[in-house]
Every structure is written in structure tokens, then in C-alpha cells.
Amino acid sequence: MYQVIQTYSEDEPWWFFEEWEKNIKSEEAFDKFHDAEKAFMKQYDQLKQDYEEVKCKDPYLVAFWNDEEYVYCEDCDEDLQAYRGLMLVSEYKKLDLGDNDSDEATGNSRKTKCCQRFSQSARGNQEN
């Protein structure tokens, strides 16, 4: 089973932070990869028209954004860049394309998200 998913949050879609599924705004399910890929490409073309910026982490994990579009982060107590994520996944996990990608950012680590402000503050306190 394949899913074509759009997310909206302060995170690019390749992070797969813990509870990333809460950011899903739309989802389509497909039995065949070809059908899912076709739907993914259609949505990609539509989003490319609506957003100024685009970054692909791999062929099926894409972030779209406009520089002036923000979401409020309660942990940071500030506005952060908002991203519209588009992904084609299988069983809610990154597709294994056989590329042996070891980049942790694209893995399904389901790691816990850590607020940037908190991380910087914690490092500063450790240095003192």
C-alpha cells in the first residue's frame, strides 16, 4: 500500500519526527506504485505553481514554501518558516529505493523533535 501525503508544519517532510502524522493535511492511498506516482506528480505540479521555493530531499520527499509564510511554535515562542510537504511513502515510511542512503535526515528514525531555541540554550548552558 502506498500513500501520497501532504503535510503542513514547520518541518520539512523528510524529518519524520515523532508524531509527524499529526501534520497530515491530505492523503490518498494506492495499491500500485505507478498510480501513486502519477498522483504524486499531479500534486507536485499543482504545488509548484502555488509556492515560490521547492527542495527535494529525494524523488518522493519534497518541501514547498513561501518566504513570508510562518507557523507559530509554542516551544520556541516565535514564528517559524511553514512548509507544505509532499511525500510518496509506503505504509507511512520512506520508500526504500535501494540507494543505501545513510543520511539520518531521510531515515524513519521517528526521533523526537527538539526545539531549536531549547537546543541552542542547552548547549550554551553546558559551555558555561
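The values are calculated or read from the model by the stated rules, or taken from the named source; none is laboratory data. Bear in mind the structure is a predicted one, so any value in this text is a computation, not a measurement. With ideal geometry, Cβ positions are generated from the backbone for all residues, glycine too; neighbour counts draw on all protein chains shown. Heads up: the accessible areas ignore ligands, DNA and RNA and are worked out on the full protein's heavy atoms, side chains in. Shrake-Rupley method; radii C 1.70, N 1.55, O 1.52, S 1.80 Å.
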Just the accessible area per residue of segment 1-50, please: how many Å² with a 1.4 Å probe? 61 Å²
Per residue, how big is the convex hull of segment 1-94 when only Cα atoms are used? Give it in Å³. 87 Å³
Hey, got a sec? Which trypsin sites (Lys or Arg not before Pro) in segment 1-64 land in a DSSP loop and have at most 14 other Cβ atoms within 10 Å? 32
Could you work out how far apart the two model spin labels at residue 46 and residue 76 are, taking each label as a point 7 Å from the Cα in the direction of the beta carbon, and quote it in nm? 2.8 nm
Neighbour-limited loop hits for GluC sites (Glu not before Pro), segment 1-77 (at most 16 other Cβ within 10 Å; DSSP other than H, G, I, E, B): 18, 19, 52, 68, 69, 74
Report the gain in length on full extension from residue 26 to residue 56: 0.36 nm times residue separation, minus Cα-Cα distance, nm rounded to one decimal. 8.9 nm
